[in-house]
Amino acid sequence: MAEPFVRAERRALVRQRTLLRGRICYGPKHVISVDCGIRNLTTGGAMLRVPADQALPPNFALLHVSEGAAFDACLTWRRGDTLGVRFEGRHDLRGAVEDDLKALRAIWVAVAST
């Protein structure tokens, strides 16, 4: 009897499979935003789902709606409607924030209330 194929895990960080709501924000004061699904999550990055024809910049903010957090994200790969990002910073949006994060906090408040 053949043994089942087991794929070797090459990630340094443990991946948590998720089905979470997110939003990608970019542009001056984050005026452009796109809904996305957060499919896998680690402390260092995530796998996201967005429409395949959605253009994105190489760096953007990712809002993790249920956690009330914004991540400084860097696009590392993309295949169709799936993309991978590396986190370069994390910001808590649940309380008072610095001036440069106020627009992101306002977007998070609006999205979280819907």
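Remark on residue 45: its backbone amide H falls under 5 Å from those of 87, a criterion applied only to residues 5 or more positions apart or on other chains, H modelled at 1.01 Å from N.
Take 106-113, 20-27 and order them by the average number of nearby Cβ atoms within 10 Å per residue, most first; the result is 20-27, 106-113.
Size descriptor for the range 16-112, Kirkwood hydrodynamic radius: 13.2 Å (Cα pairs only, one decimal).
For a quick check of your reading of the filter: which GluC sites (Glu not before Pro) in the range 13-114 sit in a DSSP loop and have no more than 16 other Cβ atoms within 10 Å? Here the GluC sites (Glu not before Pro) that fit, given the DSSP loop and packing criteria, are 98.
Read-outs throughout are calculated quantities, based only on the coordinates presented, and are distinct from any laboratory measurement. Given the structure is predicted, the values throughout are model-derived calculations rather than measurements. Cβ sites come from the backbone with ideal geometry, for glycine too, and all protein chains shown count toward neighbours.
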